[in-house]
1. Across segment C:448-463, what is the total count of residues that are touching a residue at least 60 places away in the same chain (Cβ under 8 Å) and not in a helix (DSSP H, G or I)?
2. If you go through segment C:427-442 one residue at a time, do you hit one that is part of a helix (DSSP H, G or I), within 14 Å of chain B (Cβ to nearest Cβ) and surrounded by 24 or more Cβ atoms within 10 Å (Cβ to Cβ)?
3. Given C:Cys347, C:Cys306, C:Cys310, C:Cys343, which one is at pLDDT 95 or above, more than 27 Å from C:Ile198 (Cα to Cα), crowded, with 20+ Cβ neighbours inside 10 Å and not aliphatic (A, V, I, L, M)?
4. With the condition kept exactly as written, say whether any residue in segment C:8-31 is more than 30 Å from C:Leu173 (Cα to Cα), more than 14 Å from chain A (Cβ to nearest Cβ) and charged (D, E, K, R).
5. Residues of segment A:1-51 being at the interface with chain C (Cβ under 8 Å from one of its Cβ atoms), among the aliphatic types (A, V, I, L, M) and either surrounded by 20 or more Cβ atoms within 10 Å (Cβ to Cβ) or more than 15 Å from C:Gly224 (Cβ to Cβ) (or both), which ones?
6. Tell me the residue from A:Arg169, A:Arg130 that is of a type in the set (D, E, K, R), touching an Asp or Glu at 6+ places or on another chain (Cβ under 9 Å) and buried (at least 17 other Cβ atoms within 10 Å of the Cβ), please.
7. Just one of the numbered conditions (1) part of a strand (DSSP E or B); (2) touching a residue at least 12 places away in the same chain (Cβ under 8 Å); (3) farther than 18 Å from C:Pro162 by Cα; (4) among the hydrophobic types (A, V, I, L, M, F, W, C) is not true of A:Phe159; which one?
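The values are calculated or read from the model by the stated rules, or taken from the named source; none is laboratory data. Because the structure is predicted, anything quoted here is derived from the model rather than measured. Ideal geometry is used to build each Cβ from the backbone, glycine not excepted, and the neighbour counts take in all protein chains shown.
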Amino acid sequence: MSARLLQWAGQAAAYAGFAAFVGYFSSAPAYTHLDPAMALVKVSFSHGAPRQAACRERSAEELAKLPPTMRRKMDCPRVRPTVSLELLVDGIPLIAESLPPSGLSKDGPSRIYRTIPVTAGTHTLTARLRDTIRDDGEWDYERTITAELAPAQNFVVDFRADAGGFLFR
Amino acid sequence: MTLIEWRDSFKTGIESVDFEHAELVALINRLYDRLGAASGRREAVAAFLGELHDGIAAHFALEEKLMRKHRYAGLPEHKDDHEKLLDEIRDIMEEHERGVFDDASDRLAERLDIWFSRHFNTFDRRLHEAVSGG
Amino acid sequence: MNALRRPVRAFFAALEGLFDRIFGPEQNPLAHLGALGFFFYWIVVATGVHLYIGFDTSVAGAYDSVEHLSRSPWFLAGVSRSLHRYASDALVVVMFVHILREFGLDRCRGVRWFSWVVGMPIIVFVYASGISGYWLVWDRLAQYVAIASTEWLDWLPIFGEPIARNFLTRGSLDDRFFTLLVFLHIAVPLILVFVLWIHLQRISRPDINPPKRLAAGTAAMLLGLSLVYPATSQGPADLGTVTSIVRPDWFYLPLYPLVDFLSAGSVWAIVAGATLVMLAIPWLPPLRRPPAAVVTLDLCNGCGRCAEDCPYSAISMAPRSDGKPFEVEAVVDPDLCVSCGICVGACPTSTPFRSDPKLPTAIDVPEPALHALRDATREASRRCVGDRRILVFGCLHSAAALQPESADTAVVPLPCVGMLPPSFIDYVLSRDLADGVFLAGCADSSSYNRLGPRWTRARLAGERDPRLRQRVPRDRLAAAWLAPRDRKRLAAEIDAFRARLPKRAPASSARPALVAEREPAQ
């Protein structure tokens with residue numbers, strides 16, 4: 001009889017132990033993904049720099065060499081220039097990169113997805129982008145904003161050429 | 001010289017069963033022949049009995065499978081008799097080992113005849129009738 | 001490889017021993033891990049269907065619908081929700097313990113690679129199901145999971161636009177994408193069921209339903225947990241903020257903190273590396289592959305007992321090819337045969353009373369062939385002396401593997417106890433090769449060839465063909481089903497058997513042996 005009782009107790013303990021194990025680890029321990037005192041600046045956009053290379057007219061011989069369906073007079077290179085991006089927070093450059101065009105023929109948009117933890121508080125953010133080939137070192141798009149970043153805020157720096165440039169959200 | 005004469009009435013109508021029955025009857029008759037010969041050594045007879053036991057075990061397995069397949073209503077009783085027959089052939093084998101049938105080969109022949117025919121004329125006949133649409 | 005396997009096996013041996021005492025050997029959860037996995041899966045599916053009825057598949061409405069389900073009336077859908085979560089978690093636990101145990105029992109190698117390799121996608125689909133499920137709640141945990149998952153996936157160069165952009169800001173996530181996630185959470189578990197079916201393909205009579213008391217116990221456990229500690233959401237998602245403190249379900253989401261700690265690329269490398277190692281396990285050394293079973297058509301009449309008994313569905317009955325008037329013949333698929341020999345034990349022509357030293361039988365395993373088994377039996381008998389000689393027919397994977405011999409005890413090793421034709425027991429006892437026969441096979445819960453112990457017990461009890469003859473004295477026969485950890489218990493049982501062996505009647509000891517068993521067969 002007591003052997004039976006011990007068995008029941010053992011089973012209860014086994015089940016309870018398993019339940020406790022499952023119950024606990026199903027939502028604990030907590031994990032700090034981002035320091036609660038920090039905010040997150042997320043830079044993400046997809047922008048195709050406008051093609052700048054000049055189109056060239058094809059000569060008659062070159063046209064003859066091409067298959068009949070591909071005989072276009074103008075030969076326009078599809079390659080896009082590299083996009084340069086800079087992000088400064090309180091004057092400190094946190095991003096200063098060249099973003100090459102995507103795709104096998106290098107004719108796709110340049111993309112970026114970057115997350116930068118930043119301490120909460122008031123900061124001045126400056127975003128700059130160059131998408132043309134120029135030698136004066138100037139930027140095609142530039143925007144500055146002073147923002148109050150709350151802890152755990154997701155501050156997004158987006159870019160849309162048709163909307164006028166950088167968008168801060 | 002044959003102990004068991006093969007008759008067409010032995011046919012159950014199932015080709016594989018009839019084939020094995022014929023083989024087993026031939027085996028028993030060969031054994032009977034051996035018994036009759038002057039040099040029926042005990043070991044040779046024992047070997048035959050071993051082959052007979054082996055063959056009948058396989059035959060019963062096949063018959064039972066077929067009875068299951070045809071959903072034969074008499075399967076339980078028929079299978080019980082199979083098990084009894086296997087016990088009996090083992091009894092015969094052991095008695096032979098002990099020398100019961102030394103100088104009494106006709107008694108062995110008689111035992112084997114009864115062993116085979118009884119089952120055949122009862123259970124197998126009923127199976128034949130059931131299978132051939134009786 | 002064995003160096004890795006032995007400690008795992010030892011661990012399970014200890015745990016199973018403990019659970020055998022607590023649950024009893026039939027209800028031991030460690031013997032039914034796969035079945036428990038299936039059981040939990042059905043609970044998850046049933047509760048999932050229940051929850052889906054009240055679930056709002058729009059981004060705006062998802063969180064609130066889950067909250068509503070969880071609270072009113074709480075005793076219905078709320079319990080379902082908690083059950084849904086905890087059964088899923090239990091499923092992951094049981095799955096990994098099952099994998100570890102099968103590895104420890106060495107049941108994944110050689111021909112048995114199929115079950116193991118098909119099991120790998122099961123892990124992937126289970127995780128995809130669970131992770132997508134957490135996504136659907138659209139609470140702060142879901143938000144974290146969504147962003148972390150897509151950022152991790154974006155490391156692969158397969159997406160043009162980074163898919164993480166779907167979660168960039170408030171309003172980025174549209175209903176269309178969210179509905180895609182809902183669809184995934186339904187489609188992936190469906191595909192999982194299909195993969196589970198394939199996983200069982202080369203296993204005959206798989207154990208997919210746990211015994212009733214165990215099922216009731218675990219169901220009650222999950223229900224109790226759901227009532228005591230209901231699953232909750234972690235506040236509505238807000239893509240304008242970041243989930244700083246995450247309370248993940250560590251069963252499904254352990255890799256995400258790892259991505260933060262290392263990098264997306266490193267975690268991909270870890271996952272890829274682990275997958276490759278796991279996939280290679282069936283073929284890692286030491287790999288010994290005994291030759292497959294062979295059918296001798298002349299002797300086969302198609303009775304089908306071998307096909308019935310084979311634990312690996314390696315034997316099928318095919319239409320006759322030799323012109324004999326039998327309907328079918330046995331055909332062995334060598335790619336599925338593990339050479340356990342259970343088919344040899346099932347075949348009615350595997351009788352040892354014949355004089356042919358080659359002892360042909362309709363189906364035989366080359367190592368050891370039936371004639372070798374008979375020779376070994378005779379040899380073992382010669383090694384025993386005294387009036388309480390015991391012949392132990394022992395499975396190499398059971399406690400008998402290391403059973404020592406003594407003056408009056410000899411061991412005949414077998415790849416599986418199911419290989420022994422019952423007629424051999426009749427042979428040993430009627431020819432006075434031993435005073436007692438002891439069968440030592442695996443414990444059911446860890447039987448190496450799955451069905452050997454079960455079939456053997458049924459054959460001895462006269463419930464399964466080929467039956468042990470009634471005339472065989474049962475007081476001279478004993479059996480024990482013990483795992484290698486129970487070696488001492490096996491030795492004790494053999495001793496106890498020896499002690500209760502009836503003394504041989506004086507007449508029989510004077511019996512002349514017909515075929516002189518103690519000399520080489522002619």
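1. Count: 4.
2. Of the residues in segment C:427-442, the ones part of a helix (DSSP H, G or I) are C:427-430.
Still in the running and within 14 Å of chain B (Cβ to nearest Cβ): C:427-430.
From what's left, surrounded by 24 or more Cβ atoms within 10 Å (Cβ to Cβ): C:428.
Yes.
3. Details: C:Cys306 fails: more than 27 Å from C:Ile198 (Cα to Cα); C:Cys310 fails: more than 27 Å from C:Ile198 (Cα to Cα); C:Cys343 fails: more than 27 Å from C:Ile198 (Cα to Cα).
Matching residue, one of C:Cys347, C:Cys306, C:Cys310, C:Cys343: C:Cys347.
4. Yes: segment C:8-31 contains one or more residues that are more than 30 Å from C:Leu173 (Cα to Cα), more than 14 Å from chain A (Cβ to nearest Cβ) and charged (D, E, K, R).
5. A:Ala19, A:Val22, A:Ala28, A:Ala30, A:Leu34, A:Met38, A:Ala39, A:Leu40
6. Values: A:Arg169 fails: buried (at least 17 other Cβ atoms within 10 Å of the Cβ).
Just a single option satisfies the conditions, and that option is A:Arg130.
7. Only one criterion in (1) part of a strand (DSSP E or B); (2) touching a residue at least 12 places away in the same chain (Cβ under 8 Å); (3) farther than 18 Å from C:Pro162 by Cα; (4) among the hydrophobic types (A, V, I, L, M, F, W, C) is unmet by A:Phe159, namely (3).
One line per residue, one yes/no per condition, for (1) out of contact with any Asp or Glu (no Cβ under 8 Å at 6 or more places or on another chain); (2) modelled with pLDDT of 90 or more; (3) aromatic (Phe, Trp, Tyr); (4) over 30 Å from C:Met95 (Cβ atoms):
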{"position": "A:Ala3", "(1), (2), (3), (4)": "yes, no, no, yes"}
{"position": "A:Gly10", "(1), (2), (3), (4)": "yes, yes, no, no"}
{"position": "A:Ala19", "(1), (2), (3), (4)": "yes, yes, no, no"}
{"position": "A:His33", "(1), (2), (3), (4)": "no, no, no, no"}
{"position": "A:Val41", "(1), (2), (3), (4)": "yes, no, no, yes"}
{"position": "A:Ser46", "(1), (2), (3), (4)": "no, no, no, yes"}
{"position": "A:Ala53", "(1), (2), (3), (4)": "yes, no, no, yes"}
{"position": "A:Glu57", "(1), (2), (3), (4)": "no, no, no, yes"}
{"position": "A:Glu61", "(1), (2), (3), (4)": "yes, no, no, yes"}
